[in-house]
Amino acid sequence: MLPITDPWFYAAAIPAVFLVGLSKGGFGGTMAMLGVPIMTLVISPVQAAGIMLPILVIMDIIALIAYKGRADWTTIAILLPAAVAGIGIGWATAAYVNDNFVILLVGVISIAFVFDYVFKRRKQAQGASHNVPKGVFWGTVTGFTSFISHTGGPPYQMYTLPLRMEPALFVGTGVIFFAVVNALKLIPYFMLGQFDTTNLTTSFSLFPVALIATLAGVRLVRIIKVDTFYNIIYVFMGLIGIKLVYDGISSLFA
């Protein structure tokens, strides 16, 4: 089958993929969460997720090459096994979980975290230390919400932002972490029937946009100052939190 040909789809999909690519390249952090919601303006959420996941995997590969394994391996060692467990929980409970409630919950947590940062002025140069129980908790939540509603970014950043890694290390760590998470999601998504020929060919047609945007994100991270970088991440986290709360409430009480 041919890819989607509706021009209105591409009017939404190209900006969506570009924003996700910037985020995957490291600029904007939680902007990746905007991809599926923007695409759902013109197609169903299930189809949007099926189209976006292969694109995310390609973006992950590009980012892995760009950052060449640069990462805080302690963070990955703490979070990744817990995220795998969270993906398993999400897969096992997919039929019973209310996606909109998960979206609302993640949005509320995101906003609360940003307010805590602003009012407590968590802008010290030295970051927090690793905390295994906290990491296991947020890692599990990240895997679960990533599988259920593609909202793994905020829970992941709940743990990683207070560590105050320098930007390239922060981004490289997230690149490796989410590359593994997205690769693991391919199996259950395939078994749930989200990769048909139309979706895959449509994903392929959007790959050039993904490539350009991801490389642009990598470039921006390398030239931006540390304080500016973290301020941008927190701003996007707050905006995404507001959007998720709005979407969650609108859907739950529709």
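Remarks
- Residue within the stretch 127-142 that is under 23 Å from Tyr230 (Cα atoms), β-branched (Val, Ile, Thr) and buried (at least 22 other Cβ atoms within 10 Å of the Cβ) present: yes
- Single unsatisfied condition, Asp60 versus (1) touching a Phe, Trp or Tyr at 6+ places or on another chain (Cβ under 9 Å); (2) in a loop (DSSP other than H, G, I, E, B): (2)
- Screening Val57, Val46, Val20 for residues that are surrounded by fewer than 19 Cβ atoms within 10 Å (Cβ to Cβ), at pLDDT 85 or above, of a type in the set (Val, Ile, Thr) and within 25 Å of Pro188 (Cβ to Cβ) leaves exactly one candidate, Val57.
- Any hit, the stretch 122-129, residues being in contact with a helix residue (DSSP H, G or I) (Cβ under 9 Å, 6 or more places away or on another chain), of a type in the set (D, E, K, R) and farther than 30 Å from Leu252 by Cα: yes
- Listed by first and then second residue, the pairs with beta-carbon distance under 7 Å, at least 6 apart or on different chains, first residue in the stretch 213-230 and closer than 26 Å to Ile61 by Cβ and touching a residue at least 40 places away in the same chain (Cβ under 8 Å), second assigned to a helix (DSSP H, G or I) and of a type in the set (S, T, N, Q), are Gly217/Ser23.
- Qualifying residue in the stretch 179-199 (condition: in contact with a Lys or Arg (Cβ under 9 Å, 6 or more places away or on another chain) and farther than 20 Å from Phe115 by Cβ): no
- Taking the criterion of being under 16 Å from the mean Cα position of the chain (by Cα) and at pLDDT below 85, the residues of the stretch 196-254 that qualify are Ile232, Ile233, Tyr234, Val235, Phe236, Met237, Gly238, Leu239, Ile240, Gly241, Lys243, Leu244.
- Single residue of the stretch 102-144 satisfying the filter (assigned to a loop (DSSP other than H, G, I, E, B) and among the small types (Gly, Ala, Ser)) that is modelled with the highest pLDDT: Ser129
- Residue ID - farthest from Gly217 (Cα to Cα), chosen from residues in the stretch 27-53 that are among the small types (Gly, Ala, Ser) and more than 11 Å from the chain's Cα centre (by Cα): Ser44
The values are calculated or read from the model by the stated rules, or taken from the named source; none is laboratory data. Just so you know, these numbers come straight off a predicted model, no measurement behind them. Don't worry about glycine lacking a Cβ; one is built from the backbone with ideal geometry, like all the others, and counts go over all protein chains shown.
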